[in-house]
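Everything below concerns the one structure shown next.
Bear in mind these aren't lab numbers, they're just calculated from the coordinates by the rules spelled out. Note that the structure is predicted; figures quoted are calculated from it, not measured. Quick reminder, even Gly has a Cβ in these numbers, built from the backbone with ideal geometry, and neighbours come from all protein chains shown.
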Amino acid sequence: MASSEFLDDLLPGTRRALLHRVATAQSQGRSPSLVGAVMRDGQPVWSGARSCVDDHEPDMNTQYRIGSITKPFTAVAVMRLRDEGLLDLSDPLDEHLPGTGVGEVTIAQLLSHTAGLAAETPGAWWERSPSALRPGFAEVLGEQPSLHPAGRRHHYSNPGYTLLGAVVERLRGESWADVVRHEICLPLGMDRTSAQPQAPSAGGWAVHPWADAMLPEPAEDLGLMAAAGQLWSTAGDLCRFAAFLAEGDGRVLSAESVREMRAPAAPPEAGEWDGGYGLGMQLALRDGRTLTGHTGSLPGFLAALWVSVEDGLAGVVLANATSGPAVGTVAADLVRIVAEAEPRMPRPWRPLPAADHALLELAGPWYWGATVVGLRLASDGGLEFGPLAGGGRRSRFRAEPDGTWTGLDGYYAGEKLRVVRREGVVSHLDLGSFVFTRQPYEPTAAVPGGVDEGGWRGLSR
């Protein structure tokens, strides 16, 4: 049943398609309950749920354990420390947490799962055994904590996030759970996200693979492993978190730092080019759109949160089953359904607030050798640079106080664009040593290698 406790402006056909997807996932995945929600442009716009108990569906306020969706919270806490100058992402772990035995790995490598550490802890299955079995890093990391050279490949590591949680505690002087609650959850209005369950909350279940029977799962406190997967949350709170992951929030983390988290920081495995990992964020390509967020699981629970920044949409799915429903696929489908049925309205075109004639002089076609590209002025005061048609190198540029321009994305991200003038007139553009001229191989411009004095010619006979 769809909830009506929030903004509800989707078309009836869209709402039914969303509910049908959730109902199918709960039925075919044989989950005791499953709740889905959609965020659009910063607001929750739909929620629907199904349950094996009649008239007892969960709603946007029902807590589920979210497993590894905890990791983006830990990553945000680390990025806050970076933005405050308390650490650098290139710092070796030993600088902030000495004595672990893996102190040469960097903070960035831990965030992106490229530190080469093992995926799980040694000994008993840590998600289903008492945390007292892992009182220190020796029990978390074991005798052989590193399986791969640091920085060489993406290898998902739960112990790696335990180390990041400890860094947060060391630099903040309080528990990881308190840092997450006070610095992230409360500023974002997420008062139903917590390290321990708070009623109303769902119980965790395993469903027999060959019979319609259920078995309760234990809900262990993860102790030292908490930063990897401890949190409980609701569909409503995760919609708020999704809005933050899309746009940032100055009270928690700037939009620029959140974009940095969403950027690929780790290579995908061979044959998995439709996914990747940023800084605490999973990346996926689904139905032609880029999704960022995370999935999670712990015994008795499955969770997924996917954000499409371009569409202004997010899908959240929570289930209380150890296995069964493919919640990551369902969350992506919720985004797809709304994006296709009710695509985002483009913003109205508006002219620049003022015409800067010095910038207008730069607009139009430019040539790198014989290749033509276009440069246009963006409404935000930046430049957009790229081929006039088809594929090629495209980038946006930001103006700098010294008159240069810095690439923001694409091939020229971080590169400098310089406008070269002669006697007050624009001669050419210098972009990372490439010279762009108004005419192909313009003789009067400083084209590297010079221009043949004979100029352009036809075929001699």
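Observations
- Shape of the range 334-379, Cα gyration tensor, a/c cut at 1.5: oblate
- For the range 156-187, applying the loop criterion from DSSP together with a ceiling of 15 other beta carbons within 10 Å to the GluC sites (Glu not before Pro) yields Glu174.
- Theoretical gain in end-to-end length, Asp54 to Ala132 [0.36 nm per residue, Cα-Cα removed]: 24.2 nm
- For the pair the range 85-128 and the range 245-289, the centres of their Cα atoms are 20 angstrom apart.
- Rounded tilt (10° steps) of 158-172 against the dominant C-alpha axis of the chain: 80
- Contour excess over end-to-end distance, with Cα ends at Tyr411 and Arg153 and 0.36 nm allotted per residue: 90.6 nm
- Shape summary of the range 309-461, radius of gyration then Dmax from alpha carbon positions: 22.7, 80 Å.
- Put simply, the range 12-341 fits an ellipsoid with semi-axes of 30, 23, 18 Å; these come from the alpha carbon gyration tensor as the roots of five times its eigenvalues, largest first.
- If you plug the beta carbon distance of Glu453 and Val420 into 1/(1 + (r/R0)^6) with R0 = 22 Å, you get a FRET efficiency near 0.50.
- Here's how it looks for Trp205: its modeled amide H is under 5 Å from those of Glu217, Gly300, Ala321, Thr322, which are all 5 or more places away or on a different chain.
- Within the range 241-302, the trypsin sites (Lys or Arg not before Pro) that combine a DSSP coil assignment with at most 12 other C-beta atoms in a 10 angstrom radius are Arg251.
- Loop-located trypsin sites (Lys or Arg not before Pro) across the range 86-194 with a Cβ neighbour count of 14 or fewer within 10 Å are Arg152, with loop assigned by DSSP.
- Taking label positions 7 Å along the Cα-Cβ direction at both His357 and Asp212, the computed distance is 7.9 nm, reported to one decimal.
- Here's the picture: charge each Lys and Arg Cβ at +1 and each Asp and Glu Cβ at -1 in the chain, and of Ala235, His96, Ala77 the one pushed furthest to the positive end of that dipole is Ala235.
- Nearest 10 degrees, 0 to 90: helix 70-83 Cα axis against the chain principal axis: 50
- Ordering Cys239, Cys52, Cys185 from the fewest to the most neighbouring beta carbons within 10 Å gives Cys52, Cys185, Cys239.
- Distance from the C-alpha centroid of the range 19-46 to that of the range 336-355: 27 Å, rounded to the whole angstrom.
- Between the residues Thr121, Pro299, Gly42, the greatest Cα displacement towards the positive end of the dipole of the range 12-341, with unit charges on the Cβ of Lys, Arg, Asp and Glu, is found for Gly42.
- For the range 357-436, the Kirkwood estimate of hydrodynamic radius, built from reciprocal distances between every pair of different alpha carbons, is 12.7 Å.
- The alpha carbons of the range 157-261 stretch over 50, 28, 26 Å along the principal axes, in descending order.
- Under the Debye formula (equal points on every Cα, no solvent term), log10 I(q)/I(0) of the range 75-176 at q = 0.18, 0.20, 0.21, 0.23 Å⁻¹: -0.83, -1.01, -1.10, -1.28
- Helix axis angle, 327-341 relative to the chain longest principal axis, alpha carbon, degrees: 50
- Spin-label pair Glu442/Arg393, simplified geometry with 7 Å Cα→Cβ offset, distance in nm: 1.9
- Normalised per residue, the volume of the convex hull around the Cα set of the range 262-387 (Å³): 176
- Calculated [θ] (222 nm, deg cm²/dmol) that DSSP helices of n ≥ 4 give over the chain, each run adding -39,500 (n - 2.57): -6500 deg cm²/dmol
- For the chain, excluding the exposed loop sites themselves (chymotrypsin sites (Phe, Trp or Tyr not before Pro), DSSP loop, at most 12 other Cβ atoms within 10 Å), the longest remaining stretch covers 1-124.
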